[in-house]
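The values are calculated or read from the model by the stated rules, or taken from the named source; none is laboratory data. Note that the structure is a prediction, hence the values are computed from the model and not measured. No Cβ is skipped: glycine too gets one built from the backbone with ideal geometry, and neighbour counts run over all protein chains shown. In case anyone asks, the SASA skips ligands and DNA or RNA and just uses the protein heavy atoms, side chains included. Shrake-Rupley method; radii C 1.70, N 1.55, O 1.52, S 1.80 Å.
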Amino acid sequence: MSGSALQQLDSAIERFAVPLRMGDGIDKPALNDLKRTLTDTARQWRAADVVPKRSAALLVELYPALTGTLDLYDGEHAERVRQVCEELLQLSLACFEVEG
């Protein structure tokens, strides 16, 4: 992953996570961008023998950081945030799948 790709991943995560952590809810355009970025990252890494440490650290930290916001939300909104967290976890895990 190039420096610009790392920056794109970092930026996509930040654009989605900051409003969520501030209690502002799910920013749908930022969520769509993050999903697209994770899908692109998975595709790039699928045949790679190694992955960049910084990028891997961002993905490993993403799920706990996002689920840590659940207490900010109630009812259906909290459930939607939880569902999004699970979806992003699956997309993050796909980045570490090995081409078979």
> In terms of solvent-accessible area of protein heavy atoms at a 1.4 angstrom probe, what is the ranking of THR39, THR67, highest value first?
Replying inline: THR39, THR67
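Apply 1/(1 + (r/R0)^6) to the Cβ-Cβ distance of GLU79 and ARG43, taking R0 = 25 Å, and write down the FRET efficiency to the nearest 0.05.
On the way: r = 30 Å, r/R0 = 1.20.
Efficiency, rounded to the nearest 0.05: 0.25.
How much area per residue is accessible in the chain when the probe is 1.4 Å and only protein heavy atoms are counted (Å²)? All intermediate terms of the calculation are to be shown ahead of the outcome.
Details: 5980 Å² over 100 residues.
In whole numbers, the chain has 60 Å² accessible per residue.
As a test of the formula, what do you get for the chain when each DSSP H run with n ≥ 4 contributes -39,500 (n - 2.57) and the sum is divided by the residue count, at 222 nm and rounded to the nearest 500 deg cm²/dmol? Walk me through the numbers before you get to the answer.
Values: 4 runs with 72 residues, N = 100.
About -24500 deg cm²/dmol.
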> Once you list every other residue whose beta carbon is under 15 Å from the beta carbon of ALA47, what net charge do they have if Lys and Arg are +1 and Asp and Glu are -1?
Replying inline: -2
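Determine the share of the chain's accessible area contributed by carbon and sulfur atoms, expressed in whole percent, with a 1.4 angstrom probe. Show your work: numbers first, answer last.
Working: 3050 of 5980 Å².
Roughly 51 percent, rounded to a whole number.
Charges at C-beta only: +1 for Lys and Arg, -1 for Asp and Glu. How large is the resulting dipole of the chain about its Cα centre, in Debye rounded to 20? Intermediate values should be presented prior to the final figure.
On the way: 11 positive and 16 negative charges, 60 e Å.
Charge dipole, the chain, about its Cα centre: 280 debye, nearest 20.
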> Let a ≥ b ≥ c be the square roots of the eigenvalues of the Cα gyration tensor of the range 30-73; is it rounded (a/c under 1.5), or, if not, prolate (a/b larger than b/c) or oblate?
Replying inline: oblate
>> Keeping all protein chains in the complex and leaving out DNA, RNA and ligands, what accessible area do you get for ARG36 with a 1.4 Å probe, in Å² to the nearest 10?
In response: 130
> Accessible area of ASP71, 1.4 Å probe, to the nearest 10 Å²?
Replying inline: 150
> Is any residue of the range 27-51 close enough, with backbone N under 14 Å, to a label point placed 7 angstrom from the Cα of VAL60 along the Cα-Cβ axis, and if so, which?
Replying inline: 51
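What is the chain's relative contact order, in percent, from Cα pairs under 8 angstrom and six or more apart in sequence?
Value for the chain: 36 percent.
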